[in-house]
Amino acid sequence: MKEFNAICIIDDDPITVFGIKKMLSIVTKCDNIITYYNGKLAIDGLREIVNNNEDIPDIIFLDINMPIMDGWQFLEEFIAIPMKKKIRINIVTSSIDPLDIKKAEMYKSMSHHTVVFNNKPITRSVIEEITNAA
């Protein structure tokens with residue numbers, strides 16, 4: 001079982017957040033699962049973590065359709081934060097729009113972070129793949 005210092009879930013759907021947390025508790029060991037319910041709260045919180053020289057999460061689960069600041073706006077600001085650590089950003093969405101997949105590829109090419117597109121509902125086997133690859 002792989003261990004992580006921190007994992008972050010950014011999603012406004014409490015059922016999705018609960019499900020990801022539950023599956024993470026089965027497939028990995030992580031004492032610090034941080035949740036944010038929109039991109040604005042997440043970018044502010046993660047900037048504070050970076051500014052305080054604390055451990056940035058190893059993995060981020062990111063919904064793209066959220067109020068206040070969506071996942072694309074979050075990604076735009078997140079990839080601009082100067083950091084050497086490579087984060088695995090997993091877009092988790094119910095969108096089946098091919099333009100969203102292309103947009104994810106664009107962000108992947110603009111960043112040193114790993115950006116992966118996943119459709120909801122996310123399964124235990126996908127969570128295992130994500131944690132094993134991180």
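The values are calculated or read from the model by the stated rules, or taken from the named source; none is laboratory data. Computed from a prediction, not measured in an experiment: that's the story for all the values here. Neighbour counts run over all protein chains shown; Cβ positions are idealised from the backbone, glycine included.
Observations
- Residue within region 96-104 that is under 23 Å from N132 (Cα atoms) and either part of a strand (DSSP E or B) or at pLDDT below 95 (or both) present: yes
- Scanning region 95-129 for residues that are of a type in the set (A, V, I, L, M), touching a Phe, Trp or Tyr at 6+ places or on another chain (Cβ under 8 Å) and within 24 Å of P82 (Cα to Cα) yields A104, V115.
Quick grid of which residues meet (1) assigned to a loop (DSSP other than H, G, I, E, B); (2) surrounded by fewer than 17 Cβ atoms within 10 Å (Cβ to Cβ):
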{"residue": "K29", "(1), (2)": "no, yes"}
{"residue": "G45", "(1), (2)": "no, yes"}
{"residue": "E54", "(1), (2)": "yes, yes"}
{"residue": "F61", "(1), (2)": "no, no"}
{"residue": "I68", "(1), (2)": "yes, yes"}
{"residue": "Q73", "(1), (2)": "no, yes"}
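- Selection of first residues in region 66-86 that are on the phi < 0 side of the Ramachandran plot and small (G, A, S) and of second residues that are surrounded by 13 or more Cβ atoms within 10 Å (Cβ to Cβ) and in a helix (DSSP H, G or I), restricted to Cβ pairs under 9 Å at least 6 apart or on distinct chains, gives the following pairs, ordered by first then second residue: G71/G39.
- Restricting attention to region 31-41 and to residues that are assigned to a helix (DSSP H, G or I) and out of contact with any helix residue (DSSP H, G or I) (no Cβ under 6 Å at 6 or more places or on another chain), the residue that is farthest from I101 (Cα to Cα) turns out to be L41.
- Single residue of region 1-27 satisfying the filter (under 16 Å from the mean Cα position of the chain (by Cα) and assigned to a strand (DSSP E or B)) that is surrounded by the fewest Cβ atoms within 10 Å (Cβ to Cβ): F4
- Across region 82-119, the number of residues qualifying as among the charged types (D, E, K, R), loosely packed, with under 15 Cβ neighbours inside 10 Å and either under 14 Å from F61 (Cβ atoms) or under 16 Å from the mean Cα position of the chain (by Cα) (or both) comes to 3.
- Annotation note: of K85, K108, the sole residue that is closer than 23 Å to N132 by Cα, in a loop (DSSP other than H, G, I, E, B) and of a type outside the set (S, T, Y) is K85.
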